[in-house]
Amino acid sequence: FPFLPLHSQILCLVIMLFSTNIVAQSQQDNRTNFSCPSDSPPSCETYVTYIAQSPNFLSLANISNIFDTSPLSIARASNLEPMDDKLVKDQVLLVPVTCGCTGNRSFANISYEINQGDSFYFVATTSYENLTNWRAVMDLNPVLSPNKLPIGIQVVFPLFCKCPSKNQLDKEIKYLITYVWKPGDNVSLVSDKFGASPEDIMSENNYGQNFTAANNLPVLIPVTRLPVLARSPSDGRKGGIRLPVIIGISLGCTLLVLVLAVLLVYVYCLKMKTLNRSASSAETADKLLSGVSGYVSKPTMYETDAIMEATMNLSEQCKIGESVYKA
């Protein structure tokens with residue numbers, strides 16, 4: 001820029017370097033090959049993973065809207081109850097998509113309605129959680145400005161995916177699930193989560209054993225069957241619902257046991273008191289008989305009719321005590 005002042009030339013060089021750095025970063029492809037295999041079917045039904053996030057994506061309804069699918073299909077694939085719409089933050093879901101070739105790369109093309117404040121980069125990294133990138137979106141929508149999008153228009157967002165090759169199908173690999181690698185992940189952890197072979201994961205993604213360079217980038221997880229995902233991380237939500245119920249039931253059972261114990265003790269004491277009274281009455285009777293025996297040879301036993309006649313049917317006139325009558 002010889003015609004510009006020196007400070008303007010310096011500014012232009014800085015801007016060019018900055019722009020070149022951004023473009024270089026945006027063009028940096030991950031090492032996972034998402035090209036269309038020559039021996040794979042032209043399209044296939046497969047799955048991408050999605051992590052439930054607040055505030056807008058903690059329900060199956062909201063997530064299904066941005067993937068243009070039904071909540072039921074996500075629930076079935078993710079081992080959830082059909083009516084279980086509420087999710088927990090960081091819960092892993094499987095979203096069914098149709099994968100096919102666009103140009104020479106494999107994508108699941110999803111139609112997305114632009115909202116206030118959306119840009120290619122924002123939607124790719126936030127709503128679709130790096131399942132795509134803004135450059136792939138721009139390549140598919142060349143007439144649109146990445147940062148000045150009319151509200152309400154439909155934009156196609158290509159999500160990275162891939163269909164199994166014939167060789168993989170022969171090895172009984174049914175799906176190549178797209179998963180965005182997290183900073184805390186390792187091959188062993190991810191293979192356990194999806195029921196995949198660590199060797200197959202490393203073979204499909206060119207990172208060797210160290211996947212640090214794959215952080216926040218989509219990778220492919222080869223599986224022979226659809227994984228059975230945990231319903232929620234560490235059963236957080238279920239535990240949160242059941243714990244108060246379990247505590248309440250435990251307290252209720254404890255209280256019931258205490259009440260029954262007190263009742264049994266009361267009944268036992270009442271019975272013992274009755275037995276003591278009976279024993280006391282028998283003892284009193286024995287003492288009376290013992291005292292009488294000094295004056296008579298033996299007690300005289302009377303018939304009931306004779307007693308009733310002698311006491312005028314236990315009349316009050318004959319009563320000389322609480323239960324003693326004269327005859």
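Per-structure values
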read-out: Test: residue in segment 123-131 that is under 21 Å from A61 (Cα atoms) and out of contact with any helix residue (DSSP H, G or I) (no Cβ under 9 Å at 6 or more places or on another chain); value: yes
read-out: Residue check, T132 buried (at least 20 other Cβ atoms within 10 Å of the Cβ), of a type in the set (V, I, T) and at pLDDT 90 or above; value: yes
read-out: Considering residues of segment 189-210 that are buried (at least 21 other Cβ atoms within 10 Å of the Cβ) and free of Cβ contacts under 8 Å to residues at least 60 places away in the same chain only, the residue farthest from the chain's Cα centre (by Cα); value: I201
read-out: Candidate set: segment 146-188, residues that are among the basic types (K, R) and outside any helix (DSSP H, G or I); chosen: the one farthest from the chain's Cα centre (by Cα); value: K148
read-out: Residue count, segment 224-249 (criterion: farther than 30 Å from I173 by Cβ and at pLDDT 75 or above); value: 1
read-out: Among residues of segment 45-78, those that are surrounded by 19 or more Cβ atoms within 10 Å (Cβ to Cβ), part of a helix (DSSP H, G or I) and touching a residue at least 60 places away in the same chain (Cβ under 8 Å), counted; value: 1
read-out: Test for S106: is it at pLDDT 85 or above, under 15 Å from the mean Cα position of the chain (by Cα) and open to solvent by less than 40 Å² (accessible area, probe 1.4 Å); value: no
read-out: Some residue of segment 146-154 being among the β-branched types (V, I, T) and open to solvent by less than 40 Å² (accessible area, probe 1.4 Å); value: no
read-out: The one condition in (1) open to solvent by 10 Å² or more (accessible area, probe 1.4 Å); (2) more than 21 Å from R76 (Cα to Cα); (3) part of a loop (DSSP other than H, G, I, E, B) that Y121 fails to fulfil; value: (3)
read-out: Residues satisfying the stated conditions in segment 94-109, i.e. of a type in the set (A, V, I, L, M) and farther than 17 Å from L60 by Cα; value: A108
read-out: Qualifying residue in segment 177-186 (condition: without any contact (Cβ under 8 Å) to a residue 24 or more places away in the chain and either within 16 Å of I51 (Cα to Cα) or surrounded by 15 or more Cβ atoms within 10 Å (Cβ to Cβ) (or both)); value: yes
read-out: Selected residue (criterion: farthest from G195 (Cα to Cα)) from residues of segment 79-99 that are assigned to a strand (DSSP E or B) and in contact (Cβ under 8 Å) with a residue 60 or more places away in the chain; value: K86
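The values are calculated or read from the model by the stated rules, or taken from the named source; none is laboratory data. Note that the structure is a prediction, hence the values are computed from the model and not measured. Neighbour counts are summed over all protein chains in view; Cβ atoms, including those assigned to glycine, are modelled from backbone coordinates with ideal geometry. The area values use the complete protein model at the heavy-atom level, side chains included, leaving out ligands, DNA and RNA. Shrake-Rupley method; radii C 1.70, N 1.55, O 1.52, S 1.80 Å.
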